[in-house]
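Written below as structure tokens is the structure these notes are about.
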């Protein structure tokens with residue numbers, strides 16, 4: 001779509017050209033320019049300039065200036081409202097376009113968008129409520145299962161307990177995803193320091209990595225703060241670390257690096273996913289190693305959706321390094 | 001140790017009672033808050049295990065209404081978010097676990113709760129075959145004394161107080177240096193490597209791990 005200003009200017013240009021032609025013809029007829037005895041050319045031209053060209057230029061010039069001013073005023077109001085919408089989105093709050101601040105002609109459009117937003121919010125709310133119900137309902141039988149397993153001999157129960165734990169984590173992740181998609185919900189979006197987040201996840205997961213003969217470490221490259229649901233982001237990051245540890249052979253190292261700016265990367269000692277493979281995993285939710293132990297296959301796909309709900313994207317660090325990172329498009333201003 | 005389990009799912013309640021019984025607890029099970037009140041009116045318990053969503057009310061409200069001198073309460077619930085944990089702990093829960101929880105961990109946390117109030121700190125910290133005597137600043141591995149310097153001993157103590165967790169660097173530095181000491185960037189590394197050497201000499205090698213960028217971690221110690 002072209003801009004309103006350009007549409008208006010081309011409209012005026014057409015009016016100017018057509019008006020000039022029509023007026024020229026009328027003036028010509030009036031002065032008998034097309035008759036058998038035309039008046040002298042000089043006098044005719046002077047008449048045309050005085051009575052056609054000058055009034056027309058004055059009229060069209062003023063109209064153009066007036067219209068541009070009107071359009072600029074309307075655009076400014078739209079820009080103000082857009083800025084409000086962006087601020088609300090950055091704070092993770094719901095937003096309705098304030099009709100009183102907009103020209104009446106825009107109202108039907110703004111109302112339609114507001115209705116759509118309301119519907120999306122209702123949908124997100126229902127999804128969160130459903131996920132919360134489902135998580136609650138699924139966890140009770142899972143706890144029964146965990147306790148039933150406790151009656152088995154320890155060595156029989158251990159691998160099954162790992163599976164129960166993985167299933168339980170998956171349920172939590174799905175609930176966190178639903179919460180991230182519902183910014184107006186109970187779980188408030190707060191400033192999240194990617195540095196602190198990375199340190200926390202590394203501290204949580206290092207004991208297991210060490211147990212498996214791998215090392216997990218953390219480094220910072222000046223990370224930003226973003227606005228979001230900390231638990232959900234931690235869960236997404238944990239999935240990436242879990243994935244990286246599985247891809248890394250014993251003796252290898254996984255590094256979590258926060259920054260620079262609003263991004264956090266998990267670098268592994270494996271082969272690293274290329275873009276096409278990553279897209280496939282995100283889409284189908286298959287597990288990177290296709291192995292049979294631990295972890296649930298949906299992990300990466302859910303981590304990607306959580307990143308997306310925070311206006312971020314899960315991408316590969318190849319070709320510079322091997323690993324995955326989440327890059328956010330929006331960050332909060334640095335703290336003093 | 002007597003424990004009252006307040007949980008409306010009968011199967012879960014039965015299995016949990018069985019599991020805790022195998023670990024040396026004796027349990028009663030209440031299916032509702034009213035039933036729990038009845039039990040509590042008749043006998044005293046050393047600890048309560050409380051589910052939050054019960055047929056006759058919310059466990060959080062019930063917890064708030066309990067008298068101040070109640071037995072320690074371990075909340076065991078499907079509500080997993082940080083906000084819900086905070087609400088539970090604020091309402092007076094002494095610990096909070098999310099379903100499905102491992103019976104070993106439930107038992108361990110219950111024992112920790114029973115140790116917590118009033119009891120004096122144990123004279124010695126023990127992690128596997130490692131022992132540390134905070135009063136005498138003496139560490140032993142399999143009963144052989146380790147000859148540790150002041151800082152190495154402080155590092156070992158800090159790590160032994162939080163077994164299984166990565167202890168952040170700042171916390172360690174606060175524990176082993178006084179506030180007016182200037183600590184050079186790799187001073188802690190030097191202390192850790194001396195501690196590792198002493199441990200290795202005593203046959204306890206490979207225990208102190210560094211988690212680069214975060215802190216130190218004491219690995220699993222053999223019995």
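Of the residues in segment A:220-241, at least one is in a helix (DSSP H, G or I), more than 21 Å from residue A:190 (Cα to Cα) and more than 14 Å from every other protein chain (Cβ to nearest Cβ).
Would you mind stating whether residue B:164 is touching a residue at least 60 places away in the same chain (Cβ under 8 Å) and not in a helix (DSSP H, G or I)? For residue B:164, the condition - touching a residue at least 60 places away in the same chain (Cβ under 8 Å) and not in a helix (DSSP H, G or I) - is not met. Checked against (1) assigned to a helix (DSSP H, G or I); (2) away from chain B (no Cβ under 14 Å); (3) farther than 23 Å from residue A:228 by Cβ, residue A:125 passes all but a single condition, namely (3). Within segment B:145-161, the only residue that satisfies the criterion of being part of a loop (DSSP other than H, G, I, E, B) and either buried (at least 19 other Cβ atoms within 10 Å of the Cβ) or not assigned by TED's automatic domain parsing to the domain that holds residue B:131 (or both) is B:148. Residue B:175 fulfils the conditions (1) at pLDDT 85 or above; (2) assigned to a helix (DSSP H, G or I); (3) surrounded by fewer than 16 Cβ atoms within 10 Å (Cβ to Cβ) except for a single criterion, (1).
The selection criterion, being at pLDDT below 90 and either closer than 22 Å to residue B:18 by Cβ or away from chain A (no Cβ under 14 Å) (or both), does not hold for residue B:107.
Among the conditions (1) more than 12 Å from every other protein chain (Cβ to nearest Cβ); (2) outside any helix (DSSP H, G or I); (3) modelled with pLDDT of 85 or more, residue A:151 misses just one, which is (1).
Of all the listed residues (B:37, B:28, B:69), the sole one being in a strand (DSSP E or B), farther than 29 Å from residue A:171 by Cβ and in the same structural domain as residue B:111 (by TED's automatic domain parsing) is B:28.
When each of B:18, B:10 is tested for being within 13 Å of chain A (Cβ to nearest Cβ) and over 17 Å from residue B:56 (Cα atoms), the lone residue that passes is B:18. On the stretch given as segment A:287-336, residues that are at pLDDT 80 or above, part of a loop (DSSP other than H, G, I, E, B) and either on the phi > 0 side of the Ramachandran plot or not assigned by TED's automatic domain parsing to the domain that holds residue A:242 (or both) total 1. Scanning segment A:177-195 for residues that are modelled with pLDDT of 90 or more and within 11 Å of chain B (Cβ to nearest Cβ) yields one hit, A:195.
Taking first residues from segment B:100-117 that are within 16 Å of residue A:164 (Cα to Cα) and partners that are in a loop (DSSP other than H, G, I, E, B) and at pLDDT 85 or above, the Cβ contacts under 7 Å between residues at least 6 apart in sequence or on separate chains come to B:103/A:150.
Take the residues of segment B:198-223 that are part of a helix (DSSP H, G or I) and in contact with a helix residue (DSSP H, G or I) (Cβ under 9 Å, 6 or more places away or on another chain): which is nearest to the other protein chains (Cβ to nearest Cβ)?
B:199
Of all residues in segment B:193-210, exactly one satisfies the criterion of being crowded, with 20+ Cβ neighbours inside 10 Å and over 18 Å from residue B:172 (Cβ atoms), namely B:204.
Inclusion of residue B:134 among residues that are touching a helix residue (DSSP H, G or I) at 6+ places or on another chain (Cβ under 9 Å), touching a residue at least 12 places away in the same chain (Cβ under 8 Å), surrounded by 13 or more Cβ atoms within 10 Å (Cβ to Cβ) and farther than 21 Å from residue A:204 by Cβ is warranted.
The values are calculated or read from the model by the stated rules, or taken from the named source; none is laboratory data. As the structure is a prediction and not an experimental result, all values here were calculated from the model. All Cβ positions, glycine included, derive from the backbone under ideal geometry; neighbour counts span all protein chains shown.
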